[in-house]
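Presented below is the structure to which this report refers.
Read-outs throughout are calculated quantities, based only on the coordinates presented, and are distinct from any laboratory measurement. All values reported here derive from a predicted model rather than from experimental measurement. Every residue, glycine as well, gets a Cβ built from its backbone with ideal geometry; the counts of neighbours run over all protein chains shown.
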Amino acid sequence: MIEMTSAFLERRRAATAATWNLDSGVVLVVAGDEIPVPGRGDRAYPFRAHSEYLYLADRERPGGVLAYAPADGWVEFVVPVTAEELLWTGLEGDHEGVPEGTRPLGELEAWVGDRSVRRLGAAADADVELRDGLIRVRRPKDDVELARMRIAAEATRAGFEELVPLIASGRTERELQVALEAAFLRNGGDFLAFETIVAAGDHAAVMHFSPTARKLRDGDLLLVDAGAEHRGYASDVTRTYAVGGTFTAEQALVHDTVRRAGETAIAACRPGTEWHDVHRAAALVVAEGLVELGVLRGSPETLVESGAATLFFPHGVGHPVGLGVRDTGAASDEAREPVPGLPRIRVDIALQPRQAWTVEPGIYIVPPLLARERGRDDVDWDRLDELDGFGGVRLEQNVLITDDGCELLTAAVPL
Ligand code: GLY
Ligand code: MN
Ligand code: MN
């Protein structure tokens, strides 16, 4: 395991300062504060430092401010640990005050003085120009980030390994969720990367379905989308199983199509490739499979361009993953015109080495989405009616872009 050292933080901070290229003023990167649960007395949501602060300070304590000024370099201000905290939470070390090398938050105001201030991180008025620079610094993952992502991926693998033997009719979605999450936390995960999705039968057609007490039935598809987090770094994996162990012919065709769409998309992942072209590569395979299934009519190219394929594959093929399940978003100058026929792609950039992405094609039969389009003539509506309650299939991998292709980070979870 590559441990965090001051050299890593210094490199991140130096790269950030070089990108900003400021000659005056100060920048305050704000960690954020605990958020109380409304009406619940002293209860608060689990605290997560803003990703920009965590990246530059590697600290999960609320209230902190990492400051930068060209004249002073980087100075870290931290809320001092109190005796009360040592009594009730005990998480902030074993002594009162601030860690070595940091200053009490109370000294920040005098340090800033009358200099102009720009804010980042959890600040409501975050500076877009500075954020754009930091987004570009954060995209290539360094070795500490990759080490944490690999731990998250291994915890996630262990979770799916424990899950699979439990998949049987009569079990509930909730039981599977609990087993999966427990295994994540027993195997190196320290948090969930996002709310676990366990969706059986028609529930699998809801993209972010929350598990319920409903029982699985033989013949159902079961879609599980889950990931562990380690020290802020995420894994994000989806697999789709047959309850009872055997896919029907239609389920097998859809599963195989989604698997091939993923493989085709992953084969396209290399430096220089535009993300919408990765999506298109997957969508063409999806369209072909939907023609074979009998629900679409036409050539794959036409079906992708007309948006017909998007009716069944209604989300982008993936997203940056790393520091959190959504790593950096798009910079303000990266907004792109939507590609005709494709769904909205939030981060549509060219791939570069050391970026990490999910690749997660899917095919779903989503009744409310289809109801709006009923009548269009590239869809065989009678065939579609036969697939009522089908649910959906998604298969999600995480890839790390290398100098000439990509490495699969989640290969150890069987498809
Ligand atoms: N886990 C939600 C997603 O795949 O983006
Ligand atoms: Mn996912
Ligand atoms: Mn994802």
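Observations, loosely collected:
- Some residue of the range 290-308 being more than 20 Å from Met207 (Cβ to Cβ), touching a residue at least 12 places away in the same chain (Cβ under 8 Å), surrounded by 24 or more Cβ atoms within 10 Å (Cβ to Cβ) and more than 16 Å from ligand 3 (Cβ to nearest atom): yes
- The range 336-370, residues that are of a type in the set (Asp, Glu) and within 13 Å of ligand 1 (Cβ to nearest atom): Glu360
- Figure legend. Inter-residue proximity from the range 312-340: first residues outside any loop (DSSP other than H, G, I, E, B), second residues of a type in the set (Ser, Thr, Tyr) and within 14 Å of ligand 2 (Cβ to nearest atom), beta-carbon distance below 9 Å, spacing 6+ or different chains. Indicated pairs: Pro320/Thr358.
- Strands (runs of 3 or more DSSP E) wholly inside the range 186-244 containing at least 1 residues that are within 15 Å of ligand 2 (Cβ to nearest atom) and free of Cβ contacts under 8 Å to residues at least 40 places away in the same chain: 197-200
- Of residues in the range 311-335 being within 8 Å of the chain's Cα centre (by Cα) and among the small types (Gly, Ala, Ser), the one farthest from ligand 1 (Cβ to nearest atom): Gly322
- The set of residues in the range 353-375 being over 23 Å from Ala204 (Cα atoms), away from ligand 2 (no atom under 16 Å from the Cβ) and surrounded by 13 or more Cβ atoms within 10 Å (Cβ to Cβ) consists of Pro353, Arg354, Gln355.
- Matching option when the condition is among the small types (Gly, Ala, Ser), within 30 Å of Ala15 (Cα to Cα), crowded, with 20+ Cβ neighbours inside 10 Å and touching a helix residue (DSSP H, G or I) at 6+ places or on another chain (Cβ under 7 Å), among Gly189, Gly159: Gly189
- Within the range 4-17, residues that are under 20 Å from Ala147 (Cα atoms) sit with their Cβ atoms under 9 Å from residues that are of a type in the set (Lys, Arg), at 6+ positions apart or across chains, in these pairs: Met4/Arg148; Met4/Arg231; Arg12/Arg138.
- The single condition among (1) under 28 Å from Val379 (Cβ atoms); (2) of a type in the set (A, V, I, L, M); (3) within 22 Å of the chain's Cα centre (by Cα) that Ala287 does not meet is (3).
- Residues of the range 359-415 classified as among the charged types (D, E, K, R), farther than 26 Å from His319 by Cβ, without any contact (Cβ under 8 Å) to a residue 60 or more places away in the chain and in a loop (DSSP other than H, G, I, E, B), total: 2
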